[in-house]
Amino acid sequence: MPKNPQQAQAEQDAAVKDNLGKIKNKILVMSGKGGVGKTSTSVNLSIALANKGFNVGIIDVDLHGPDVPRMLGLEGMPEVNQNKKLDPMSYSKNLKAISIESFTPNKDDAIIWRGPLKFSAIRQFIGDVDWGNLDFLVIDSPPGTGDEPLTVAQTITDARAVIVTTPQEVALADVRKSINFCKTVNMEIFGLIENMSGFACPHCDEMIELFGSGGGEKTAVQMGIHFLGSTPFDPRMVACGDSGSCYQDLHSTSAVTQAFGSVADKLAELA
């Protein structure tokens with residue numbers, strides 16, 4: 001006999017609660033606007049945490065523009081295990097991921113969903129996936145303060161936000177909206193990351209401020225939140241993201257890798 005809607009909802013509520021109880025830290029990665037490198041930050045922060053020995057999961061809730069599997073080089077679909085739950089895609093021993101892109105046969109198909117479908121998908125990514133015990137769950141959300149971050153805030157009441165910005169004022173103005181979103185929904189803020197903060201000339205090593213610098217730290221101080229650090233721009237990051245190669249493995253001594261390692265240390269310290 002099929003389950004009635006109330007029974008199905010109660011079972012999913014229980015599954016969500018059970019899974020979240022096994023996860024120590026839940027991080028919602030947000031940005032006030034697109035184009036600031038939020039997903040690459042989510043992916044590389046997850047890799048940096050995993051490389052330090054933490055068990056990490058990453059949920060891609062950017063449902064209309066899911067890029068996490070491509071950046072991690074993950075192919076195929078998650079499989080159902082003996083517990084009738086989905087096994088997340090495995091990137092490494094310490095890092096696994098789930099994304100709507102893994103369930104779409106044609107990766108270029110548009111996801112045309114309204115709020116209720118998004119709400120249901122995000123809850124399934126939490127409750128119907130066998131995450132096991134995690135030190136960190138990183139949730140990559142779309143830009144802005146719409147359905148997806150609101151669903152995360154309502155479903156994972158102890159989630160904390162990491163907000164990504166670039167140094168220029170137009171990005172910082174939108175970041176302040178994200179900070180105020182967190183305050184409105186009573187979500188604690190882990191801190192702010194300034195991405196694309198300077199570019200080292202490959203010929204002379206002079207640091208060029210493509211988008212300015214220091215605006216993220218200044219905004220964090222003004223808004224009373226932690227400044228987690230800045231990550232410089234590196235064209236090799238773009239190439240690695242497009243090819244699904246691990247930038248931090250290929251360029252282990254780079255300024256970007258060191259910056260993400262430093263941010264991961266600060267998150268572990270604040271956790």
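Every number in this text was worked out from the coordinates using simple rules, so none of it is lab data. No experiment lies behind these values; they were computed from the predicted model shown. Glycine also receives a Cβ, built like all others from the backbone with ideal geometry; neighbour counts cover every protein chain displayed.
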**Request:** For Trp113, work out the one condition from (1) in a loop (DSSP other than H, G, I, E, B); (2) surrounded by fewer than 13 Cβ atoms within 10 Å (Cβ to Cβ) it doesn't fulfil.
**Result:** (2)
**Request:** Kindly establish whether Pro142 is in contact with an Asp or Glu (Cβ under 6 Å, 6 or more places away or on another chain) and either outside any loop (DSSP other than H, G, I, E, B) or crowded, with 20+ Cβ neighbours inside 10 Å (or both).
**Result:** yes
**Request:** Go through (1) touching a helix residue (DSSP H, G or I) at 6+ places or on another chain (Cβ under 7 Å); (2) surrounded by fewer than 21 Cβ atoms within 10 Å (Cβ to Cβ); (3) under 14 Å from Gly37 (Cβ atoms) and name the single condition Thr231 misses.
**Result:** (2)
**Request:** Tell me, yes or no, whether segment 125-146 has at least one residue that is of a type outside the set (S, T, N, Q), farther than 22 Å from Ala268 by Cβ and touching a His at 6+ places or on another chain (Cβ under 9 Å).
**Result:** yes
**Asked** Does at least one position in segment 172-191 carry a residue that is touching a residue at least 12 places away in the same chain (Cβ under 8 Å), more than 24 Å from Gln154 (Cα to Cα) and touching a helix residue (DSSP H, G or I) at 6+ places or on another chain (Cβ under 8 Å)?
**Response** yes
**Prompt:** Looking only at segment 145-174, which residues are in a helix (DSSP H, G or I) and closer than 16 Å to Thr39 by Cβ?
**Reply:** Glu148, Pro149, Val152, Ala171
